[in-house]
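The values are calculated or read from the model by the stated rules, or taken from the named source; none is laboratory data. Since the model is a prediction, treat every value here as computed from it, not as a measurement. Glycine gets a Cβ as well: all are built from the backbone with ideal geometry, and neighbour counts include every protein chain shown.
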Amino acid sequence: MKECKRYLILLVCLFLCISAAGISRSSAYFTTYTKAIGGRHVVAKDTRTVPEETPGIDGMQKVVAVSNTGEVPCWTRVKIIHGSQLDVDIALGEGWSQRNGCYYYGRILQPGEKTADNITVSVTADKEKIATDFNVVVITESIPVTYNEDGSVHAPTADSDWELAASEWTREVY
Amino acid sequence: MKKNRVSPVKMLLLFAVILCLGFSGVQTTRAALSVQSNYYRAQANMQDTGIAIMENGVQITDRFNEPEYRGRLLGGDLMLMNGETVADFNYGVRYRENLAVKNTGTIDQFVRVFVTRYWAELDENGNVIRKLPELNPELIEVRFVDGNWTNPVLTPSGERYTLYYTGNGGILAPDEVSPIFADSIRVNGDLELIVSTVTTDVVDGKKVTVYTYIYDGKAFILEVEAQGVQTHNAKDAVISAWGKEASEILTNAGVLK
């Protein structure tokens, strides 16, 4: 009788094992997956330009150029501010144009490059006739070169393009 | 009383007869086996599931051969939308990134893909060292294509899209390449989005204003994972493998009945 019980328990265990194996099989489905990954470094550096002026104002004339001392290509523009008591004549070299009181260089300035042509500032009043010292402030502003969706260079034409321009300015008193 | 003894010779003879009979019996059995029946052949075909990712028409992953099943996206030269190849990456430019899935298995499959985008630091071999969740993944714009896939659903973090294949009844047949689900990638280059701080200093008598670009030197990452599941016993298979939400999406899309 005892032997019979043992066999019965063994039989039940065997049945449970087979049942469990059956459940596992019925819930398994064919699945698969694959994965790909990749990326690119981006370069987004600030621009640096410096005004390169002739020192002093010999012959009441000042010559202004701009150098790109940063690490990325940039666009640049120049502002020249002077007292209202001065009569100033500003001559633009090739590549420069004026708009809204700023002088824009129409070519991309590569790192280490200097504008090919200059801006010449001429004070037409005699210094002797000017009662006090005067100064001329030169401001250069620059923004990184950006691109359109098709890969072409985006030329900054609107003032809004220059809202985040890095700037550098000098003020010389004469 | 005289004992009835069997002589040794007779005993030996009897033993020999028994042996002969025994061997003859074995021989008969062997003969019977050799003519019993013809061979019957049975064949069972093992089914495989496999899936691969296609980038600009090139298969870049292989479910069975690629170590860890990983392929390399955005490798080599980049391609502009007009087909011109360029080596350097620039902000704002849209690059061709035609992404599709191929069924490399032997059975029909339902397919879904995850497209993940984020910023990270990479080592010199291009492996991700550290994710940068503080940088905005929305600057990495993947343009999806309508028609044969469900509308991409984006996670709240803005990192991961999920799409399900719905073309051709949602079934991707063996060796079939799906229609593309994305056609391009672009990183938004608006300066106001990528500039973080501005400082103004006087250096050597010059007033200098400088901006800091927090994305400089960082890498944008694109990950694509494709998953497949059998179409036989469809609803149970989808629920079991991908969950109830996936089943509802595919039902709403008309793929599951």
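Overview of values
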{"item": "Boolean, B:ARG112 is of a type in the set (Lys, Arg) and closer than 22 Å to B:GLY75 by Cβ", "result": "no"}
{"item": "Pairs with Cβ under 9 Å, 6+ apart, first in segment B:36-55 and under 16 Å from B:THR106 (Cα atoms) and loosely packed, with under 10 Cβ neighbours inside 10 Å, second modelled with pLDDT of 75 or more and of a type in the set (Val, Ile, Thr)", "result": "B:ASN45/B:THR106; B:MET46/B:THR106"}
{"item": "Any hit, segment B:193-214, residues being touching a residue at least 12 places away in the same chain (Cβ under 8 Å), touching a Phe, Trp or Tyr at 6+ places or on another chain (Cβ under 7 Å) and more than 25 Å from A:VAL145 (Cα to Cα)", "result": "no"}
{"item": "Residue pairs meeting the criteria (Cβ under 6 Å; at least 6 apart or on separate chains; first without any contact (Cβ under 8 Å) to a residue 60 or more places away in the chain and within 7 Å of chain B (Cβ to nearest Cβ), in segment A:41-53; second of a type outside the set (Phe, Trp, Tyr) and not in a loop (DSSP other than H, G, I, E, B))", "result": "A:HIS41/B:ALA219"}
{"item": "Segment B:204-215, subset within 29 Å of B:LEU80 (Cα to Cα) and facing another protein chain (nearest Cβ under 7 Å), residue surrounded by the fewest Cβ atoms within 10 Å (Cβ to Cβ)", "result": "B:THR212"}
{"item": "Test: residue in segment B:220-243 that is more than 30 Å from B:GLY105 (Cβ to Cβ) and facing chain A (nearest Cβ under 10 Å)", "result": "yes"}
{"item": "Test: B:ASP183 is closer than 19 Å to B:ARG96 by Cβ and within 14 Å of chain A (Cβ to nearest Cβ)", "result": "yes"}
{"item": "Residues satisfying the stated conditions in segment A:146-166, i.e. surrounded by 17 or more Cβ atoms within 10 Å (Cβ to Cβ) and modelled with pLDDT of 90 or more", "result": "A:GLY151"}
{"item": "Flag for B:ALA253 being at pLDDT 85 or above, farther than 30 Å from A:ALA166 by Cα and of a type in the set (A, V, I, L, M)", "result": "yes"}
{"item": "Selection from segment B:179-203 of residues that are crowded, with 18+ Cβ neighbours inside 10 Å, of a type outside the set (Ser, Thr, Tyr) and more than 30 Å from A:PRO51 (Cβ to Cβ)", "result": "B:ILE180, B:PHE181, B:ALA182, B:ILE185, B:ARG186, B:VAL187"}
{"item": "Residue count, segment B:194-228 (criterion: of a type in the set (Asp, Glu) and under 18 Å from B:LEU139 (Cβ atoms))", "result": "2"}
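This table checks each residue for (1) surrounded by 13 or more Cβ atoms within 10 Å (Cβ to Cβ); (2) among the aliphatic types (A, V, I, L, M); (3) free of Cβ contacts under 8 Å to residues at least 40 places away in the same chain.
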{"residue": "B:LEU135", "(1), (2), (3)": "yes, yes, no"}
{"residue": "B:ILE140", "(1), (2), (3)": "yes, yes, no"}
{"residue": "B:ARG143", "(1), (2), (3)": "no, no, no"}
{"residue": "B:TRP149", "(1), (2), (3)": "yes, no, yes"}
{"residue": "B:GLY158", "(1), (2), (3)": "yes, no, yes"}
{"residue": "B:TYR161", "(1), (2), (3)": "yes, no, no"}
{"residue": "B:THR166", "(1), (2), (3)": "yes, no, no"}
{"residue": "B:GLY170", "(1), (2), (3)": "yes, no, no"}
{"residue": "B:VAL177", "(1), (2), (3)": "yes, yes, no"}
